[in-house]
1. When the solvent-accessible surface of protein heavy atoms is calculated with a 1.4 angstrom probe, in what order do A:His35, A:His254, B:His376 fall, highest first?
2. In square angstrom and rounded to 100, what buried accessible area do you get between chains B and A, total over both, with the probe at 1.4 Å?
3. Heavy-atom accessible surface, probe 1.4 Å, ligands and DNA/RNA ignored: which residues of segment A:213-245 lose at least 50 Å² versus the isolated chain?
4. Which value, in Å² rounded to 10, gives the accessible area of A:Glu95 with a 1.4 Å probe and all protein chains present?
5. With every protein chain kept in the model, how would you rank B:Lys284, A:Lys162 by accessible area, 1.4 Å probe, largest at the top?
6. Give the Rg/Rh ratio for the protein assembly as shown, taking Rg as the radius of gyration of the Cα atoms and Rh as the Kirkwood radius, to two decimals.
7. As a test, work out the antiparallel percent of DSSP beta bridges whose residues both lie in segment B:287-408, rounded to the nearest 5.
8. Quick one: pull the percent of accessible area on the protein assembly as shown belonging to carbon and sulfur, 1.4 Å probe, ligands and nucleic acids left out.
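The values are calculated or read from the model by the stated rules, or taken from the named source; none is laboratory data. None of these values were measured; they are calculated from a predicted model. Note that each Cβ is placed from the backbone with ideal geometry, even for glycine, and that neighbours are counted across all protein chains shown. All accessible areas refer to the heavy atoms of the entire protein, side chains included, with ligands and DNA or RNA removed. Shrake-Rupley method; radii C 1.70, N 1.55, O 1.52, S 1.80 Å.
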2 protein chains.
Amino acid sequence: MANASFEVLEEGQVTAPKGFRAGGLHCGLKKTERHDLGVILCEVPASAAAVYTTNLFQAAPLKITRESLAQGGTLRAVVVNSGNANACTGQQGEEDARKMRSAMAAALGVSEHEVAVGSTGVIGELLPMEKVLNGIERLPAVISPNGSDDFCQAILTTDLVKKTASSKVLVDGKEVIISGAAKGSGMIHPNMATMLGFMTTDAQIESSVLQSLLREVTNVTFNMITVDGDTSTNDMLVAMASGLAGNNPLTPQHPDWQAFADAFRYVAEVLAKAIARDGEGATKLVEVRVTGAPTTDGARAIAKTIMGSSLVKTALFGADANWGRIIACVGRAGVQVSTEKVDIAVGDFKVLEQSAPVPFDDDAACEYLKVADLVHIQVDLNDGPGSAVAWGCDLTYEYVRINAAYRT
Amino acid sequence: MANASFEVLEEGQVTAPKGFRAGGLHCGLKKTERHDLGVILCEVPASAAAVYTTNLFQAAPLKITRESLAQGGTLRAVVVNSGNANACTGQQGEEDARKMRSAMAAALGVSEHEVAVGSTGVIGELLPMEKVLNGIERLPAVISPNGSDDFCQAILTTDLVKKTASSKVLVDGKEVIISGAAKGSGMIHPNMATMLGFMTTDAQIESSVLQSLLREVTNVTFNMITVDGDTSTNDMLVAMASGLAGNNPLTPQHPDWQAFADAFRYVAEVLAKAIARDGEGATKLVEVRVTGAPTTDGARAIAKTIMGSSLVKTALFGADANWGRIIACVGRAGVQVSTEKVDIAVGDFKVLEQSAPVPFDDDAACEYLKVADLVHIQVDLNDGPGSAVAWGCDLTYEYVRINAAYRT
């Protein structure tokens, strides 16, 4: 979806927007010597926004981050650990998250309410606070303009690759950079996947405007990916805007708003797709596009039902253009659609037209599914203006292996 | 749930209730010489009831069966084929299902509206009607009081075992027998799982009363199992009551109603659990019991969310008492519950109490999960009177293998 209104930057450094530095180190939460504690620092108070998991059992750091943001809407830093989710840890967990925040604030010389906290890893175990606090004390020394990679390493669990993206857009003739980093599904002990995302920009934009944009963009990017249908207790996406690009404050009325919003969405979409592609055990990224639905919500529900179906996902792993499983998802998604007008295509292969099977070259379709790195599924309901896109991955032996491994 | 009010019969023959005969044969829909066409016949018009899939794309046979039942509420016969679902086959499929019905009616000398039709197998392919009609002509000759096994074989696809159950209960001092047969998740080509169920009884009970009971019982049995979260286009459960036991008509006011309803539910529950246990690739049956929910519907939603979670199911395959995944399901089930009062037990191991982790013997719990043939998960929300039980199975390499196999 890159287009002429903005530019894509090759290296997705969260420190690329003016005002941001970052760092990461190993404090002892991961067994091996990999980074497990990281921080993004903004040299000025950044307008900030965040969205959180809808799971009722929200982990302690999310509560503390909410408190921070409620107190003024600006952030100077976000500190994140991997290796322990600090979830389902009760009162002690909340105190620990609060201690992480106050220690980070003290170490950086900023106010507590200007620090956000994130965690990912095993559930139900208390944080080894001595290690964490010792690490936080050492963090300021490793913060640098080149610290993006260290930060990105620190937020990973068993993700196979780092996930970053950057875009550049002109606002009032000033160069504005938008960057992001995310982690997806992985674990140290077998545990639930957690999605954490961090976006930085040097645009000048008020916290409330950033919050609206973040929510809107999340709905069509991060909220449209599914790896296994489970919603983590720790999912969180935080955005920070330093304002140092020097543009006039961005609002939907600003002449460059659409270009900025597109560039912002681009970064979020790249990160979301990267998470889906790196889903546990995945061999391919899958994009499901639903058009012609009665409503946008209906299109979203159908796209996510298809992308979440174990039967569809195993068929894709097996390179099987099994449209019967796809149409069955359309029928059980809880959306009233005409059952007589459905078109389905897998890649360039039309397999169903007006709800009737279309003869297609099964071998060629199988070959497409085998070699395609990005598989396209298109469903046109021919029943209204609603459309949506969802992303996910196939369901493989490796997924079972990863998630069935004994916790030892 | 067997209890003193009724007796369990060892052999679950659908022909055990007075008035029923059955049969099955190979007509050529399955590639190997296994039965693929079967019939249950009642010597008198049987009060009948049925429930159908909620999938919008209902297969043709379901539509024809609906039509039959709408015309008087009695059935003499139900004819079923495996190997082809006759789903997503458009107008031709509907005509084919109608032809199956009229041919079966003619062959048995009964009215068309006294015949129900069921199909299971691959989606989107037209029935080879010559084979089917030829088989239907030969069916009457194989119908016998001992034909239950042949019928049960005929409805299977890749199910590993036949699924039958019978119970006996006294109504007005008369012996009433209730029997059932079902098929679960399996396929010929890789395709979606289909649940078909057939229940027979010699009780005297009106069609409308039987329908209410069937719906009520389905809600706590067949509708509480999940293998992969996908809802087939062909699911159907048909019940037939010959009335030949000679009891007074059964209604909820009848003094023996509860005993009959319990015996009826017993058969449905055994079949439902058998389907879950024989889920594709399953190594164990899992029972999730949720208590203390604000409402019954809430308990049902939570129980099914836990049982449907790929992360919970892979953990069970891996013999991992990973309660973090269970509580995350509670939190994402869409039910408002208190997050502070949750108790969770895996087998006899208490792992969470009042939402706080309880130290437990991890090795012993792992051993329990490894050897248990039926795994119990209990979740008490301590937040109301609602309770529910769901059944399912683990998610294994074999599930992926079965469903990823190329369609060749």
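1. On the way: A:His35 50, A:His254 20, B:His376 70 Å².
Ranked list, largest accessible area first: B:His376, A:His35, A:His254.
2. Details: alone 16560 and 16550 Å², together 28480 Å².
Answer for the B-A pair: about 4600 Å² buried.
3. Buried by 50 Å² or more upon assembly, which counts only protein chains, are A:Asp230.
4. Accessible area of A:Glu95: about 90 Å².
5. On the way: B:Lys284 10, A:Lys162 75 Å².
From most accessible down to least: A:Lys162, B:Lys284.
6. Values: Rg = 29.1 Å, Rh = 28.3 Å.
A ratio of 1.03.
7. On the way: 14 of 19 bridges.
So the antiparallel bridges in segment B:287-408 amount to around 75 percent.
8. Working: 13810 of 28480 Å².
Accessible surface attributable to carbon and sulfur in the protein assembly as shown totals 48 percent.
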